[in-house]
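Student: Have a look at the structure that comes next, please.
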Amino acid sequence: MNRTEIRASLALAAVYVLRMLGLFMVMPVLAILAIHYPDYSALMLGLAIGGYGLTQAILQIPMGVLSDKIGRKPVIIGGLLMFAIGSGVAANADSMLWIVIGRFLQGAGAIAGAIMALAGDVSREQ
């Protein structure tokens, strides 16, 4: 790998790892702490945990198509901004409803496909 490929690989890996770390650090404690919210229910907890994956699954292909049309970097930056907004909503939530909304917003920043495509774009075939 040349210097450009190494730099791009490290930057993309850092974006991907930090995003996943921020998500999965929440998972073990969410079920435990959720019982303290006034509108707690098993349904709301399930939506809070699964909402991220659901919106990821729904939006991954459209975000990939969008990255083909407008470019990888704008989609990645927009996805990270959406993730940050969702994280802020979830962090400031005073009810399970707002946690669910925050998790859905986090998932709406579906950039895994765009990151993989950019990694392919910046690397040589060999």
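The values are calculated or read from the model by the stated rules, or taken from the named source; none is laboratory data. Not measured: the values here are computed from a predicted model. Cβ sites come from the backbone with ideal geometry, for glycine too, and all protein chains shown count toward neighbours.
Student: Which is free of Cβ contacts under 8 Å to residues at least 12 places away in the same chain and either crowded, with 20+ Cβ neighbours inside 10 Å or hydrophobic (A, V, I, L, M, F, W, C) (or both), of LEU33, LEU59, LEU45?
Tutor: LEU33
Student: Turning to a different aspect of this structure: Looking at (1) out of contact with any helix residue (DSSP H, G or I) (no Cβ under 6 Å at 6 or more places or on another chain); (2) under 29 Å from LEU33 (Cα atoms), which one does VAL100 not meet, given that it meets all the others?
Tutor: Failing condition for VAL100: (1).
Student: I'd like to check which helices (runs of 4 or more DSSP H) are fully inside the stretch 1-112 and have at least 1 residues that are at pLDDT below 90 and more than 16 Å from the chain's Cα centre (by Cα).
Tutor: Of the helices (runs of 4 or more DSSP H) lying wholly inside the stretch 1-112, those with at least 1 residues that are at pLDDT below 90 and more than 16 Å from the chain's Cα centre (by Cα) span 3-24, 27-33.
Student: Looking only at the stretch 112-126, how many residues end up being without any contact (Cβ under 8 Å) to a residue 60 or more places away in the chain and among the hydrophobic types (A, V, I, L, M, F, W, C)?
Tutor: Counting residues in the stretch 112-126 that are without any contact (Cβ under 8 Å) to a residue 60 or more places away in the chain and among the hydrophobic types (A, V, I, L, M, F, W, C) gives 3.
Student: Exactly one condition in (1) surrounded by 13 or more Cβ atoms within 10 Å (Cβ to Cβ); (2) without any contact (Cβ under 8 Å) to a residue 24 or more places away in the chain; (3) not basic (Lys, Arg) is false for ILE70; which is it?
Tutor: (1)
Student: Now, a different point. Which of the residues spanning the stretch 113-126 are exposed (fewer than 14 other Cβ atoms within 10 Å of the Cβ) and not in a helix (DSSP H, G or I)?
Tutor: Once the filter is applied, which keeps residues that are exposed (fewer than 14 other Cβ atoms within 10 Å of the Cβ) and not in a helix (DSSP H, G or I), the stretch 113-126 yields ARG124, GLU125, GLN126.
Student: Something else about it: Counting only residues that are loosely packed, with under 11 Cβ neighbours inside 10 Å, under 22 Å from ALA91 (Cβ atoms) and in contact (Cβ under 8 Å) with a residue 40 or more places away in the chain, how many does the stretch 1-27 have?
Tutor: Of the residues in that region, 0 qualify.
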